[in-house]
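Structure record follows, encoded as structure tokens.
The values are calculated or read from the model by the stated rules, or taken from the named source; none is laboratory data. These figures come from a predicted structure and were not determined experimentally. Glycine also receives a Cβ, built like all others from the backbone with ideal geometry; neighbour counts cover every protein chain displayed.
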Amino acid sequence: MTSHVKESDVAKASLTTGTIDKVEITTFTVDIRNFARNYKSNVIGGSMVYTPGAVYTRPVLLVRIFTSDGLVGEYANFATTGTVDQAVVAAKVAVGNRWHERELIWRTARRAGRPSNSYGLSFIDNALWDLAGKAYNASLSQLLGGFRETIPAYASCHNGDRLDNLPNKEAVVDFFLGLKEKGWKGFKMHSWHEGDKWEEAENVAYMREKLGERTELMLDPACVFDSISDAIFVGKACEEAGFRWFEDPLRPLGVGIHQHKVLREALNIPILQTEHVTGPEAKADFLLAGGTDILRADAHYDLGVTGCLKTIRFAESLGVSVEMHGPSPVHRHLVAAMQSTTMYECANVSPAMDDPSPEIYTCGYSDNVNSIGRDGTLTVPNRPGIGVEYDADLIKRNHQATEAITAG
């Protein structure tokens, strides 16, 4: 019997035969100037805040995956507590499997990492998607069927402070007006840590008055309100000012479905939740139980690209939007591939911080507020995989440790 298989098809098929030989887990640091975590104030409670003269050294995790057919996939970003150890567990699961078996690795590593949510798996999964894009010479958004080359973006300031960075409503609006002149068309305020409902409501009205009717505005109190009544009071102000959404107002973490259902029923404005509700199943439960109108997802918290895709596809079947949390080249690709038009979040910026991402790239990728286009959009990386290159000299200079996981 004559075979009609083309040589190109054979070449493509051979790409799927390589196995993962080694995973390198590397940690290094970057310095954030004039910021520090404040554990002395019970109001601020350990949040990173503007601290003139301070240097905050933040850990960054780089995962590199090597295969038997010579491919390399990689991903780096800030690492939360526990991420490195969890990445090692996920890497031990990954080695020996074929590199295209992301679903198998994902489901196995989730179980291996229980009972904690595996932030480390997120980095492994992102690196596997980077590897796949490089293998097929396609960007991540192309692999996902993306059709946007640029995406609408909004600037999201960090929590207000009392140290001349964002101390009052006038300072917040002045900062946003300066960004508006650069091309930004959407703005989100993170509340002051004190959670004063009167100050918050006045700020909401002032933002709308000064920033104009055709500007997208959002409020994310970042879980500062102790009572549902205070949250409803401020939510009413957002409703009256025509804000795009009201997000995560209630202490301690925004994970209680019932209290957010009460909030939703009291307001006529979309509620955005699940930044701290991790994983596609928990997010689905939160939505179906009435706790939110819009979902949050994050490729660092929600089990990588694979986990985010599960949440996005579920939400799309119900006509629900998924907003990606914070900046990342991976998030640009995911926004570019969604059915609905969502906005990319450049958080947390302020007069003292113009680039919230780790400055670890040599390819020109940037989340600096000055990178916005005049039309209010940011570009999606178009090179194979995630489409970024990391600063090898910086990594070497600030290197802390590397652990290599092999099949042997």
Conditions: (1) in contact (Cβ under 8 Å) with a residue 12 or more places away in the chain; (2) under 22 Å from GLY385 (Cα atoms); (3) part of a helix (DSSP H, G or I). ALA76 meets all but one. Number of the miss?
(3)
List the pairs whose first member sits in region 380-394 and is of a type in the set (Ser, Thr, Tyr), whose second member is assigned to a loop (DSSP other than H, G, I, E, B) and surrounded by 20 or more Cβ atoms within 10 Å (Cβ to Cβ), and whose Cβ atoms are under 7 Å apart, counting only residues at least 6 apart or on separate chains?
TYR390/ILE360
Within region 196-209, is even one residue surrounded by fewer than 21 Cβ atoms within 10 Å (Cβ to Cβ), out of contact with any helix residue (DSSP H, G or I) (no Cβ under 7 Å at 6 or more places or on another chain), at pLDDT 95 or above and of a type in the set (A, V, I, L, M)?
no
Within region 223-247, how many residues are touching a helix residue (DSSP H, G or I) at 6+ places or on another chain (Cβ under 7 Å), surrounded by 24 or more Cβ atoms within 10 Å (Cβ to Cβ) and part of a loop (DSSP other than H, G, I, E, B)?
0
Over region 302-324, the set of residues buried (at least 23 other Cβ atoms within 10 Å of the Cβ) and not in a helix (DSSP H, G or I) is ASP302, LEU303, VAL322, GLU323, MET324
Quick one: is ASP220 out of contact with any helix residue (DSSP H, G or I) (no Cβ under 7 Å at 6 or more places or on another chain) and surrounded by fewer than 23 Cβ atoms within 10 Å (Cβ to Cβ)?
no
One residue from THR51, THR57 being in contact (Cβ under 8 Å) with a residue 12 or more places away in the chain, assigned to a strand (DSSP E or B) and surrounded by fewer than 18 Cβ atoms within 10 Å (Cβ to Cβ):
THR57
Determine which member of the set SER116, SER156 is touching an Asp or Glu at 6+ places or on another chain (Cβ under 6 Å) and not in a helix (DSSP H, G or I).
SER156
